[in-house]
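See structure below.
The values are calculated or read from the model by the stated rules, or taken from the named source; none is laboratory data. As the structure is a prediction and not an experimental result, all values here were calculated from the model. Because the Cβ atoms are built from the backbone with ideal geometry, glycine has one as well, and the counts that use them run over all protein chains shown.
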Amino acid sequence: MLRKVLFASVLAAFVAAPAAAQTRVEAGAMFGWTFSDGVSGDAVLGGDGNLYDRVDPKDSFSWSLRFGVVTEGNVEFGFLYGRQESKMVIAGTNEREIGSFPVSNYHGYVGYNFGDVDAKVRPYLFFGLGATSYSQVDFISANGVPRSTSSETQFSTTFGTGIKAFFNPHVGLQTGVRWTPTYIKSDPGGYWCDPYWGCYLVGSAQYSNQFEFSAGLVFKF
């Protein structure tokens, strides 16, 4: 599943780039902090006597790598890999940190760089499609039994904006913010009725969100 999503996102990004346009290549590495939230559900009685109804990735350090092709029209097509070095947290009547829970993002993206192609300061924005992968978590349960969760990969989008400030024609500083919502599940949300189609059950979607603030180096070739 992950390979199919990655192939589709990368292919969509690079095939869309005009072949005849004069292009430049950019690559970057960024480091920062990501604020995350997870999803809630029915309360479960834990082995410690507490009720738990929520699972979240913990806010933590994150990093990303980016490779893009910038056309003469300032449009950018590329691929971005991001990783949040998180831990799983369950919450309810108590809060417990369960274990290491890295979260990886894989997105093909389309962006726009404002200003002249050789400007020293260039604001930018981008939108991407791809996947978010939640790693397996190994932990010891409240009653001392080793257990683990399964890994999970879901379709996701990502949105970002920021500024690139170049020291010289080839190296610069990039700062930015990025929001990555990932669909996890839907809960029953009630009934919706239409005079023609009748009534049917609708769901309330739950998303896990990542809000990243980062900075790093960008290289232009």
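Observations on the model:
- The residue of segment 101-149 that is surrounded by the most Cβ atoms within 10 Å (Cβ to Cβ), among those that are among the small types (Gly, Ala, Ser) and under 18 Å from the mean Cα position of the chain (by Cα), is 130.
- Out of 23, 71, 93, sole residue that is loosely packed, with under 15 Cβ neighbours inside 10 Å, hydroxyl-bearing (Ser, Thr, Tyr) and either out of contact with any strand residue (DSSP E or B) (no Cβ under 6 Å at 6 or more places or on another chain) or modelled with pLDDT under 95 (or both): 93
- Taking (1) aliphatic (A, V, I, L, M); (2) at pLDDT 95 or above; (3) in contact with a Gly (Cβ under 7 Å, 6 or more places away or on another chain) in turn, residue 202 satisfies each apart from (2).
- Residue within segment 165-184 that is in contact (Cβ under 8 Å) with a residue 40 or more places away in the chain, more than 26 Å from the chain's Cα centre (by Cα) and part of a loop (DSSP other than H, G, I, E, B) present: yes
- The condition of being of a type in the set (D, E, K, R) and closer than 30 Å to residue 170 by Cα holds for only one of 116, 37, 48, 56, that being 116.
- Segment 131-153, subset in a loop (DSSP other than H, G, I, E, B) and of a type in the set (Ser, Thr, Tyr), residue farthest from residue 209 (Cα to Cα): 141
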